[in-house]
Amino acid sequence: MSPDVSPPPADPPAEDPAVRTGLRDARTLRPSSSVTVGVIGAVAGVALLVPGLLTEPRSWTLISTIVLALVLLWLFVVRPSIVIHAEGVRLVNPLRVVDVTWPVITEVRSRWALEIVAEGRRYTAWGVPADPGRPRYGRGMLAVGANKVRGKGTIEEPTKPKVEAQAVAAEVEERIRADRKRKDGRTPRIAHQVWDPVSVGLLLVASAFFVLGTFVV
C-alpha cells in the first residue's frame with residue numbers, strides 16, 4: 001500500500017487590519033458635562049412628551065419637535081466621544097466614525113476641539129472640546145517647543161483630569177511615541193471615516209416625523 005500523503009496545511013488567512021483594531025484595551029472619553037446635559041435634557045424632554053401624548057387633542061407639532069430635539073441632543077451632545085485603544089483612536093462624531101491608528105498620525109493639535117492629522121487629512125473629535133483658558137496644543141508632530149505657552153517659554157503639562165483637547169492630545173502623542181519604540185511594525189496603518197447608519201437613520205426618521213407633524217398632520 002502506498003503511504004497516505006496529505007497535502008501541506010494551507011497558510012492561515014491574512015488578518016484583516018480592520019479586525020485587528022478591535023478596540024483592545026479601549027477607554028472611552030467624553031466630558032462629564034455632556035452626560036449631565038444629556039440627562040437633564042432627556043428628563044425635561046420626557047416630562048414634556050408624556051403629557052403631550054396623553055392630552056387630547058394631541059399636538060403633533062409639539063410631539064414631533066420634542067422627539068427631534070431629543071434625537072439632536074443625543075447626536076450632538078451625548079454621542080460624541082473618543083475611544084483610545086491599544087492600536088489607535090476612534091473618533092465617534094454625531095454622524096460619522098473615524099478610526100486612526102498610531103503609525104499614520106502625523107500631527108495632533110487643538111483648536112476648538114481635538115484635531116488629528118493622518119495621511120494628509122484632518123479629523124476633528126467633536127466629543128473632546130478644547131479648554132479656551134489654555135493655549136492651543138501643537139503646531140507640528142512631536143516638535144520641540146510646539147506646545148509652549150506663548151510669551152512664557154515654558155512647556156505646559158496637562159494636569160487637569162477633565163476631558164479636554166489639550167490633555168488628550170498630550171496622551172495621544174505619548175502613545176504614538178510608545179508605539180514607535182516597539183519597532184516591530186505590528187500596528188496596522190488605518191485611517192478611514194465612515195457614516196454611522198444608526199445615527200443617520202435616526203436623524204432622518206426624526207426629521208421626517210417633524211415635517212409630517214408640523215406641516216401634514
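The values are calculated or read from the model by the stated rules, or taken from the named source; none is laboratory data. Only a predicted model underlies this, so the values are computations on that prediction, with no experimental measurement involved. Positions of Cβ are backbone-derived with ideal geometry, glycine not excepted, and every protein chain shown enters the neighbour counts.
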Report task. Report yes if Val104 is among the β-branched types (Val, Ile, Thr), touching a residue at least 12 places away in the same chain (Cβ under 8 Å) and closer than 27 Å to Val198 by Cα, otherwise no. Result -> no
Query raised in the report: In the set Trp74, Trp60, which member is crowded, with 16+ Cβ neighbours inside 10 Å, modelled with pLDDT under 95 and farther than 18 Å from Glu171 by Cβ?
Result: Trp60
Query raised in the report: From the list Leu49, Leu23, Leu75, which one is closer than 28 Å to Gln166 by Cα, touching a residue at least 12 places away in the same chain (Cβ under 8 Å) and not in a loop (DSSP other than H, G, I, E, B)?
Result: Leu75
Query raised in the report: Restricting region 183-195 to residues that are among the charged types (D, E, K, R) and surrounded by fewer than 11 Cβ atoms within 10 Å (Cβ to Cβ), which is modelled with the lowest pLDDT?
Result: Lys183
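A quick yes/no check of all residues on (1) at pLDDT 95 or above; (2) touching an Asp or Glu at 6+ places or on another chain (Cβ under 7 Å):
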residue: Ser81; (1), (2): yes, no
residue: Ala86; (1), (2): no, yes
residue: Arg96; (1), (2): yes, yes
residue: Trp112; (1), (2): no, no
residue: Gly120; (1), (2): no, no
residue: Pro132; (1), (2): no, no
Requested in this report: Among the residues of region 84-134, write down those that are hydrophobic (A, V, I, L, M, F, W, C) and part of a loop (DSSP other than H, G, I, E, B).
Outcome: Ala86, Leu95, Trp112, Ala130
Requested in this report: Name every residue in region 160-203 that is in contact with an Asp or Glu (Cβ under 7 Å, 6 or more places away or on another chain) and farther than 15 Å from Leu29 by Cα, in order of residue number.
Outcome: Thr187, Pro188, Ile190, Ala191, His192
Query - Tabulated pairs, region 131-142, first closer than 21 Å to Ser32 by Cα, second modelled with pLDDT of 75 or more and not in a loop (DSSP other than H, G, I, E, B), C-beta under 7 angstrom, 6+ apart or interchain - result: Asp131/Gln166; Arg134/Gln166
Query raised in the report: Which of the residues spanning region 193-216 are under 17 Å from Val77 (Cβ atoms) and without any contact (Cβ under 8 Å) to a residue 12 or more places away in the chain?
Result: Val198
Query raised in the report: Can you tell me which residues in region 161-217 are β-branched (Val, Ile, Thr), closer than 28 Å to Gly138 by Cα and out of contact with any Pro (no Cβ under 6 Å at 6 or more places or on another chain)?
Result: Val168, Val172, Ile176, Val194
Report summary line: Note: among Val172, Val216, Val198, just one is surrounded by fewer than 13 Cβ atoms within 10 Å (Cβ to Cβ) and at pLDDT 90 or above, namely Val198
